[in-house]
1. With over 26 Å from the mean Cα position of the chain (by Cα) and not in a loop (DSSP other than H, G, I, E, B) as the only criterion, which of Gly247, Gly259 stands out?
2. Evaluate segment 377-396: report whether one residue or more is among the acidic types (Asp, Glu) and closer than 26 Å to Tyr479 by Cβ.
3. Taking segment 461-479, which residues are within 18 Å of Arg409 (Cα to Cα) and either open to solvent by 10 Å² or more (accessible area, probe 1.4 Å) or aromatic (Phe, Trp, Tyr) (or both)?
4. I'm trying to understand the selection: among the residues of segment 241-292, which are surrounded by 16 or more Cβ atoms within 10 Å (Cβ to Cβ) and under 21 Å from Thr375 (Cα atoms)?
5. Determine, yes or no, whether Asn395 is at pLDDT below 95 and either assigned to a loop (DSSP other than H, G, I, E, B) or touching a helix residue (DSSP H, G or I) at 6+ places or on another chain (Cβ under 9 Å) (or both).
6. Do we have any residue at all in segment 607-625 that's at pLDDT below 95 and surrounded by 16 or more Cβ atoms within 10 Å (Cβ to Cβ)?
7. I'd like to check which helices (runs of 4 or more DSSP H) are fully inside segment 1-115 and have at least 2 residues that are not small (Gly, Ala, Ser).
Amino acid sequence: MQLIPGPSLAAGGRRFVPALAFAALYLCVGLATRLLLWAHFGTAAEVPAAHLPLLLLAGAVNDAVESLYLVAPLAIYLLFLPDRWYRSRWNRALLTAGFVATIAGLVFLAIAEYFFFEEFDARFNLVAFDYLVYPAEVFVDIWEAYPVVPGLLASLTLGAVLTWRLRRWLLPGEAPASSLRQRLAPFGVHATLLVGAIAVYPTSALSWSSNRVENELLQNGYSSFFRAAETNEIDYHAYYASRDPAGNLRLLASALEAGGGKLIRLDEGRLDRRFPARADGLGRLNVVVISSESFGAKFSRLYGSKHDLTPNFDAYAQRGVWFANTYASGTRTVRGLEALTASFPPIPTVSIVRRPGNDGIATWGRVMRDLGYDTSFLYGGYGYFDNMNAFYAGNGFDVLDRSAIDHVRFENIWGVADEDLFDLALHHFSDLHSRGQPFFSIVMTTSNHKPYTFRPGLESLGIPASGGGRKAGVRYADYALGYFLREAERQPWFDDTIFVVVADHGARVYGKADIPLSSYEIPMMIYAPKHLQPRRVDTLMTQIDVAPTVLGLLGLPYEAPFFGQDVLHAPESSRVALFSHDHDVAIYRNGRLAVMGMDGKVRDYLYDREGETFTATAPDPALDALGIAYFQTAAELFEAHRYE
C-alpha cells in the first residue's frame, strides 16, 4: 500500500501527504504500544487474547480520532505555506527537525505510558495531570527512578531513522503546485472531522468492557490525559448522578445518627453532630497520627503477605488495637490526608487539600484545638507540594516541613529520611510536653517512594542504598516506624499518648475492576499500651473513620460535621466505605459496591473479597441512593462553605 496519491488526487490534497503519513505512523505507534501493554499487563488483568482483534480495532479508532487533534497544527501550516516556501531548503530542514523531534516524542511518551501503566494499571489520567503541577519533584523522581537517558537516546535515534526512512512521504518532493483555494477543500475535510470529534466523540466512547484494564488498553493515552486536565475541577451535578438535596440530607441524617451523636444543625442544611463526653473515655491524651507513605496492607504478614517486610508494624499492632479490615479513600497522598484530617468523602475529581476555599473548614485539628490541644502537621519534604502547607496552615495547624529539619542523615527529591522526620517529631513533642501542652499531630512520611534511595548502613536489613525497589522502601518505612516508637517509649510523654499508624494509600493500583478494592486495603493500628488492651477489630474501617474513632476513645465532648463513624462504638450495620478512582467514586457495604461515573450512571457489583472478584448485578436502590447522598452532599457542603 502506498501513501503517494495517484494522478487523480487533486494537487491541493497532495500537499497534506506529510500529515497523512504522520497520522499513519501515529497509529502504528499506538498499535505497538497497545500490544505491549496487553502482553505485560492486560493478560495479568484477565484480558483474553480472543478480545484482541476488537480491542485493537477500537484502539485504532481512538488513535485515529486523536490524530485529528495532533496533526491539526501541521495541517494549518501546510494549508497556508506558499508553494515557493514549501519547496524551499529551509522548510525541508524545518520539517525534518520537526518530524525527528515529534516522532521521538511519540516514542518517548509510549515508553512513559508503559511505566505509568506498570504503576497504575491505567493510561495517563488525573494522577499524571496532578503530578505535572509539581514538575521539580516529579521530574527529578522520574530521572532517578527510570532509564530516562537511554529512553531519550533511543527515542531520538528512532525518530531520526523513521524520518529518514519515511522522507518520501514526510518531506516536500516534486508535488505539483497548488493554490490556497485548492488546498482548502482537503483541509475542510480534516476540519469537519475534527469538529465532529470535538462535538460527539468522548475519550471513553468505545469503552464497552466490564474489565477496567481492558477499557484502559483500548483508550488513547493522550486523550485520557487531556480529559483529566479538562475535568480536573468540574461541576458535580453536571456529570454525576444527583438527587434532591433535602432528601439526601434526610437519608444521611438517618445513616449518621445510627453511628452515634445528635444532629444539631440539620435545619440549616448541615450534618454537624454533637457527641457528649463518654464515661469510659481515656481523657485528654496526646494523639500522634503517623500517615505512612504507600504502606499497603499486602506487605504485612498480618494481612496475608508471605514476606516479612513489616516486622515492626506487625509486632506493635498485635500489642495494640489492630484494625484488620481497613481501606484507603483513594490512590494519592492528598486523598489520605483529606480523609484523616477532615473525615471527608473523596468527592470527584480533586482532593479538597488542593481545592480553592479549603481554609477554615471542619477538621480533626479544629476539634482538638477547641479541646485545648496544640495541633501540628509534620512532613519530611517541602510542603508546598500538593498544597499541603497552605491547607494545614489555613486550617490552624502549625506546619513543620523540610525547612525545619537541620540534622539530616539522608534525603532525596521527596524529602529527608523518615528517621530524620521522626527526630523532628520527637523534639517537637518533647518541647510541647515540657510546657504542659497536650498535642495532636499528623506526621506524613516520604521515604517509601520511588526512587527508593536510602542511607548506607542498612543493607543487613534488606535495605540497600539504591536498587532495592519497593520492597526496600517498605522495609525502611517499617524500620523507621520501629525506631520512632522505641525512641518515643523513652520520653516522659509516652504513657499519655495514643499512636495511630495508618497508610495514606496502597502501594500500587492494580486489577480489572472499576474500583480495585484489594489495592485500597491498608494496615492500621492504635497503640497506647498503658491504656488499651491488645485486640483485633474486624469491622469495616476507612480513613474517614479514624478521627471519629480516636475521638470516641478519648471520650471528650465535641461537635463536628464529620462523615466518618466511631467504628469501636457504632453498630456494624451502619458501616460503609467510600472510594475514588480517577473520575469514578463508589460506596461499599456488605459485599456490594455501587460505582458512580461521570456519565451520570450508577453500576452495581457483588464483591468477593477472598477471590477478589466483581460480578455485575442488579441495582441496589438503597445503596445507590446512599452513595449519591454521600458524594453529592459532601460536594455541595464544601462548595457552599457549610463544611466548617
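1. Numbers: Gly259 fails: not in a loop (DSSP other than H, G, I, E, B).
Of the residues listed, the single one that is over 26 Å from the mean Cα position of the chain (by Cα) and not in a loop (DSSP other than H, G, I, E, B) is Gly247.
2. If we filter segment 377-396 for residues that are among the acidic types (Asp, Glu), which is where we start, we get 386.
Those still in the list that are closer than 26 Å to Tyr479 by Cβ too: 386.
There is at least one residue in segment 377-396 that is among the acidic types (Asp, Glu) and closer than 26 Å to Tyr479 by Cβ.
3. Leu461, Pro464, Ala465, Ser466, Arg475, Tyr476, Tyr479
4. Result: Phe275, Leu282, Leu285, Asn286, Val287, Val288, Val289, Ile290, Ser291, Ser292.
5. Numbers: at pLDDT below 95: no; either assigned to a loop (DSSP other than H, G, I, E, B) or touching a helix residue (DSSP H, G or I) at 6+ places or on another chain (Cβ under 9 Å) (or both): yes.
Spelling it out, it is not the case that Asn395 is at pLDDT below 95 and either assigned to a loop (DSSP other than H, G, I, E, B) or touching a helix residue (DSSP H, G or I) at 6+ places or on another chain (Cβ under 9 Å) (or both).
6. Yes, some residue in segment 607-625 is at pLDDT below 95 and surrounded by 16 or more Cβ atoms within 10 Å (Cβ to Cβ).
7. Values: elements: 11-14, 17-37, 52-70, 72-80, 83-86.
In segment 1-115, 17-37, 52-70, 72-80, 83-86 are the helices (runs of 4 or more DSSP H) which contain 2 or more residues that are not small (Gly, Ala, Ser).
Yes or no, residue by residue, for (1) part of a helix (DSSP H, G or I); (2) open to solvent by 30 Å² or more (accessible area, probe 1.4 Å); (3) touching a Phe, Trp or Tyr at 6+ places or on another chain (Cβ under 9 Å); (4) at pLDDT below 90:
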position	(1), (2), (3), (4)
Ser155	yes, no, yes, no
Val161	yes, yes, no, no
Ala175	no, no, yes, yes
Phe187	yes, yes, yes, no
Ile198	yes, yes, yes, no
Ala205	no, yes, no, yes
Trp208	no, yes, no, yes
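The values are calculated or read from the model by the stated rules, or taken from the named source; none is laboratory data. Note that the structure is a prediction, hence the values are computed from the model and not measured. Cβ atoms come from the backbone with ideal geometry, glycine included; neighbour counts cover every protein chain shown. For accessibility, only protein heavy atoms count, side chains too; no ligands or nucleic acids. Shrake-Rupley method; radii C 1.70, N 1.55, O 1.52, S 1.80 Å.
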